[in-house]
1. Would you mind giving the average projected area, over all directions, of the Cα convex hull of segment A:78-133 in nm² with one decimal?
2. What is the calculated FRET efficiency for C:ASN243 to C:GLU323, with r their C-beta to C-beta distance and R₀ = 60 Å, to the nearest 0.05?
3. Please find the FRET efficiency linking B:GLN231 to B:MET32, where r is the Cβ-Cβ separation and R0 is fixed at 22 Å, and quote it to the nearest 0.05.
4. Considering Cα pairs under 8 angstrom that are at least six residues apart, work out the relative contact order of segment C:342-442 and quote it in whole percent.
5. Could you tell me which chymotrypsin sites (Phe, Trp or Tyr not before Pro) in segment C:338-408 are loop residues by DSSP with no more than 15 other beta carbons within 10 angstrom of their beta carbon?
6. To the nearest whole number, what is the average tally of beta carbon atoms from other chains within 10 Å of the beta carbons of peptide C:474-485?
7. What pairs in C:LYS380/C:LYS432; C:LYS389/C:LYS425; A:LYS251/C:LYS60 have C-alpha atoms more than 19 Å from each other?
8. Straight distance only, please: which lysines reach the Cα of B:LYS145 with their own Cα at less than 19 Å, same-chain residues fewer than 8 apart left out?
Amino acid sequence: MTNTQELNSLLEIAKLEYDYFIYAKNPEKRSSNALNILQSSEVKLNNIIELKFEDAESSKIIKTIDHNVITCPYRYVLAGTASILELLNELQFSNDDKICIDITGIDAPYLFHLLKVIKAKKMISKIDLIYTAPETYKKNTAGYVFSKGIREVKQLPAYTGRTKANGMKILLIMMGFEGYRSNEVLSSIDPERTIALNGFPSYSLEFKDTSILENKDLLNSPSCKNNVSLASAHDPFETLQILSNLPQSYKKHNMIIAPIGTKPMSLGACLYCLNDESARVVFPYPNSYITKNLPAEKIGKTWIYQLIL
Amino acid sequence: MTLFFKDPKFKPVYQKIMDLNDLVWEKKLDTMIIDQWLDNFHTKTEQYLMLELLSKFTYYNENEIKSLLVSAYGRLKNHILFLALKNQTDLGDLDDFIKNNCYFVGTWENPSKSGTHLLYNFRLLNRLPSSIFYATVKDVPYTAKFVIFLDDIAGSGRQARDFWKDRVINESQHLTTTQFLYLVLVGSTKGVNYIEQKTKIKVLPIVELDERYNLFSDSSIYYTDNKKKQQVKKICDSYGKKLYSTASLGYDNSQLLIGFHHNVPDNTLPIIWTNKNGWNPIFQRNEGDA
Amino acid sequence: MKEEMAIKNPFEEVNANNLDNDEILNYWIKPEGIFNKQLEGIKLTGLIPLFLFGGRGTGKTTVLKYISFELQQKEFLKTHKNLNGFLEKNNFLGIYHRFDGPQLDAFNAGPDDRKCLEAFRLYIELVLSQNFLWMVEELLTNKAISTKFNEHKLCNDVCELIFGKKIASLNTISKIRKRLGNIQYSLEEARDQSAIHGKEIEIKNVIPRGRLIFELQNEFSKIIPELKNTKILYLFDEYENLNLKQQLLFNTLVKHRKYNVSFKIGSRLKGVKTYDTLTTEEYLRESADYRSVIFEDVLSPSSEEYKKILIKIAEKRLEHHPEFYKNRIIDIKKILGTSISPEQESKLILTSSKDKFKHFYKTEKGSKVAINKKTLNMLKCEGQPLIEKLNMLLLNRSYSVSKIESMMHAFISKNKESDLYKQYKNLYEKNKVALLFQLIADYRPRDKLYVGFDTYASMSSGVIRTFLELCFHAFHLALFAEKENLLSGKPISIDIQNDAAQLMSEKYFNEISSIPKGYGSVVTRLVDNVGSVFRGLHKDPLLSEPEPTYFTTEYENLDFKTKDVLDTAERWSILQRTRSMKPKERSQAHLTDYHLNRMLCPKYSISYRRRGRTLISSSNLNLLSFGNEIEQKHTRELISKEKEIRKARKVKDQGQPKIIDYLD
C-alpha cells in the first residue's frame, strides 16, 4: 500500500518509533527539520545516523555519543553505501527493524543505490521515507543555482538496464531548475525520443512554470517536441504511476531515466526501477554543489511516505 | 511589426511570454491579440507594466487540468486513508472502498457549468464507474460514507456556502452518517476557511493559494517593490472600475491572475478577461460560467 | 488552441539522432564531396576502414545512418515490393552503432580494469552480433535472400563457433539471436550485482574476441550465396566517447579486420585518443590500415558546394511542409535574402539615430576629440557614413584634411585614372567592414546585424546543423511575429533574422559550460576572454588590424593544461583550427591559427570573416584560461597593447601590417 501524508498530521494520530533514523545534514535548515519534528514529538529513535556529503575520495564512519556520522563522497557512491551497511551491521541490524530515512539532503545517486541494496539484500520490506520541501526558492543573476558545472553524465551503479539491441533510446528526464543539466544529459544520451516529466503541481504556485522555462531548450529539442508528462512534485507515487503507465510500445525500447527533478520525483523513479530492471538510470554529476546562498529558502511541508519495497 | 518587438526594453518580457505561449499557454496568443490588448492602455508605461503583468499570468492548460484531476483523486485517497488510520479501521483495497462508499455530485445549479465538465473528466481519468456519479445530493444512497463535490476554483467560498445553504442541507436529510468533501483544484486559503466555517464540508484543495498570491497584498510574490506594486494596482483598478465598478480587481477583491484551459474565473482581474464596453481581453472569459 | 496558429516549423528536427529513418531519407542530400573521393582511395562503402572526422552537426551521423541497413532497406522499398535484388544493388550491409558515453562508462568502473574491458568487449560484440542476425532475418523475410540453404546446418556451425558445441535447441537464426540477447542480459545483471555486492563482475559466458563480429559473419557468407561477396560494415559513431583502453581494443579490431568485414568510424576532431592497439608494437597507420575524411575540409563555409548543400537541404524541408510548398516558398536564399551590405547597414544606423554626427571625431591619446565645423564640412559625405568614417580614420593616421578631401572627391566622382582614386578605393574596400564595426560602436547601443543567407551560411562554420538551427530560430520568431508576411513569400525581416542570430549565439555560448569533466568553465573563460579581446580590437580607432577575428599561437610551446583546453575547445568545435603557418626562421616554433566558432560572433559583435590575426603567446593563453580575474583583465589589455607596439614597428603591405616583426 502506498501512502503519502503530512508528517505533522500523521504524528497526531499514529505512534511512530524507529530503530534507525538516517538523514543527511547540510547548510539548509530543512535537512534536519524532520529530525526536530520527530524529537519534539518524542518519537523514539534508537539509532541516529547522520550522512555528511563531501567532495572527498573515501568514506569514514565517526561515532559520537548520541549519534553516528558517515562521510559520504559525492562521486564514490559505492564506498559511501558500503560504510552505511557496515555501520548497520555493527549496530546489529535485523530484518524486523524499523528504518526511517529523511531523504531531504540525500544525493539522488545515493538514494537510488541505498534502496537498491536494501531491496536486493532483502534487508527489510517496509520503510518510511521523509521529505521536507522548501517554502520558496530565490533566483540570483545566474538563475537558480544549486551546483556548478557538469563533471560528467554517468550511469548509476546497479542500474545498468537491459539493452534491447535493436531498440530506440527513450529518455525520461525529470526536470529541475537547472536547465543546463538536462541539456547535458540530452546531448550525452542523444535519444530518439524524450519525455520530460514536470513536477506539477509544484511545491508552490509561483514555481508552476519555472521548470518549463528553465528547460525550454530541452522541451524545444527535436526528440522532445514539448512532450511533457506531469506528476506531483511532492508525491513520488504519482511519478511511479506515470512510469508504470507508459505505453507498452515504449517497453520494447531502451528506457533511460534521468532523475534531476525534485527528490520525491527521484524517489518515484527509483521505486519504478527497483521493479523494472530494464530501465537505465543516468545522472549528471556536477563539479561541485553550492554550499552558500542556496536557492531553497525557508521550510515548507514535511511529507512521510510509507513504502513496501 | 508590433511595438513590443522593436523596443529593447520589452524584449525580455516578450521572450518570456513567447516561451510561455509556446510551452504552456497552448499558443492561445499571437501578436495581434497582445497588441490589441495593449492598445486598451493609453500610455507606453502602462503598456509595459501590463505586459510585465501578463508575463506573470498562471495558466492551467488542458494537460495540467487533467493532472490536477488525477492529483485530486490521490488527495482524496490519502485523506480517506488518513481517517482510517486515525480510526484504526482497515479499509481493504482503497479503490474498491471508494467505488462502494463514495459518491460524486455535480456542483452548483447548472449541469453545463465547468464543475460538471470537470467531474466527467475526473471520472474518466481515474477510471471510476458512472454509477457513483449523481446530479443531485438527494439521489445519493443513505449508506454513502462520503459525498464529494468537485470544482476548479474556490475563491471567496461564497458559491459553495450558498450551494450548501440553498440545496445540500435540504437534499441531504437522509445522509445522517455521511461526510461531505470538496475537491477543488485551486483554493484560496480565505475561501477554504470560509467554506469550512459556514458549512460541514471539508475542503481538499490541490493547489492552495494564500495571501501571497493576491496580486497587491502586502506579502505578494508578484511585486516585491511596493512603489511599483501600487503603480500597477492603480492602473488595474482604474481600468477595472470602468469595466466592473464593484469588482475592479476581481470578484470579492480576489486580485488573482489565474486562468484555465476551459475558462478564466471572475476572481481574476477583469482587465484580463472581459470584453465589456469594447474592451479587448487577452484571455477571454466564457460568461456562461459567471 | 488557435488551429490556424499551429504551423509547424520546417526546421524543427535538426539532429540526425532525432530524425527517424523516413525523415533522414526525406531530407537526404548526398554530400558529393564526401562520396566522391575514389581518386584519393577513399570509398565510403569499401573494405578499407575509414575515420570520418568532424565537429558536432557536420553530418557524420547522417552519412553513417544513411549507409546503414535500415535506411538502405527503406530506400530500396520505396521503388520495390520487397528486397529481391537488394544485395545485387548494394553489395554492403551497414550496422550502425552509437557509443553512448554513460553506457561505456558503466563498464569502466570496477576493481579489475582487465575484467571491465573484457566485459565491455563482450557486451559490444553481443549487441553487434544480434544486430547482424536481425538484419539477416530481415533479408530472409523480405526475399533479399532467395537461395535455399540449410538453416539447421548453419545454426550448428554457428553454435560450434560461439559456444564450442552444437546445441540442438538453437536451430534457427532467431533462436541464436535471442540466446545472445540473454547472454547480454546476464552480463548486464552481473554488472548490477557487482555494484550491489561490491565485487568484481562475473563473466560466465566467455566468447573469444572477434568471434561474434568476424567469424560469425563469415559462417553466414560461406553458406548463403547472396552474402558471399557482401561487405559487412560496422558503422561506429561518437568514437570519442570511448576511453583510451576501449579505443585500444577497437583499434585492434580495425587493424586485424578479417574477411568481408570493415569499419567506418565517426569521431570528433581529436576524438581518437590513440592509434595504438593492444599489441605493443602495432598501431594504426593511415593509408595502410585506414583512411580519413575531415568534414570541415570538405564542407568549407565559404565554398559554393557547402552553400548549395544548405539550399538543397532547406528546400527539401520546406517542400515537406504544405503551407510552404503550396505557395512555392522553398528557396531559403530568398526567404533570408541577401546579406545586408556594409553601406546599407551603415545607412540604417544613421537613419535610426537623431544625432548623425557621432562618428565625427579624432582620437588623441585614447580619447575622442571633437573636430571643428570647417573640417567636418570638408570631410562630410551625405548618405555615405562609411566614407565619412574612413575620412576620420585617415585623419587619425595624420593625413591632411585637404588630402583626404581630394581623395574622397576622386573616389566619389569615380575618376578611375587618378592615383588618389585608386588609393582611396583600396583603403575603402579593404576597411569598410571594419569601419562598419567602428560605426556601430559609435552609435551604441546599436549592434551589428547578422542577416541574410550568406551570413547565416558563414556563421554556421561548415556545420550544417548550426545553419538549420539558425533557420529554426528565425522561422520560430517569424511564425510568431510576421506569419502572414512569411506565408505570402516575403523575406523574413532583418530584425527577426538578427534576433535569431543573437539568440543562437547566446545559446551557443551558454552551452560551452556544459562541456563535461570540468572543462566547461575553463573553455568558457578562455572563449570569453578571446571574444572580448577581439571585440575591443574591432573598436581600435587606428584599425591597425582590421577585423581581427582569429588568433595564432605557438602550440608546441603551450603547457599541458592549456593544450588540453585548446584541444577540448577544438574537439567541441568552439575553436576551429585553420592551416598552420610555417615559421619564418628555423628556430621559431610552428604557429597554429584558431578561429572562434563563427556562431559566437554576434555575441561579441565581431566580424565572422577570416581577416586579421592576433598573436597570443603561450603564457598569455595560459593566463586567459587559468588566471584570476585581475590576471585575465591585465592579459587582455596587454594583448591589445601589443598590437599598438607592433603597429609602430610594422611593415606596411598594402595597408596591412605584418605580424612577423613581433617575433624578431
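1. It is 3.9 nm².
2. 0.80
3. Step by step, r from the Cβ atoms, then E = 0.20.
4. 30 percent.
5. Numbers: sites: C:PHE357, C:PHE360, C:TYR361, C:TYR399; in loops: C:PHE357, C:PHE360, C:TYR399.
For chymotrypsin sites (Phe, Trp or Tyr not before Pro) across segment C:338-408 that sit outside H, G, I, E and B with at most 15 neighbouring Cβ atoms in 10 Å, the list reads C:PHE357, C:TYR399.
6. 3
7. Working: C:LYS380/C:LYS432 16 Å; C:LYS389/C:LYS425 14 Å; A:LYS251/C:LYS60 29 Å.
Violating the 19 Å Cα-Cα cut-off are A:LYS251/C:LYS60.
8. Reachable lysines: B:LYS77, B:LYS86, B:LYS99, B:LYS200, B:LYS202.
The values are calculated or read from the model by the stated rules, or taken from the named source; none is laboratory data. The structure displayed is predicted, hence computed values, not measured ones. Reconstructed Cβ throughout: ideal geometry from the backbone, glycine too, with neighbour counts over all protein chains shown. Calculation scope for accessible area: heavy atoms of the full protein, side chains included, ligands and nucleic acids excluded. Shrake-Rupley method; radii C 1.70, N 1.55, O 1.52, S 1.80 Å.
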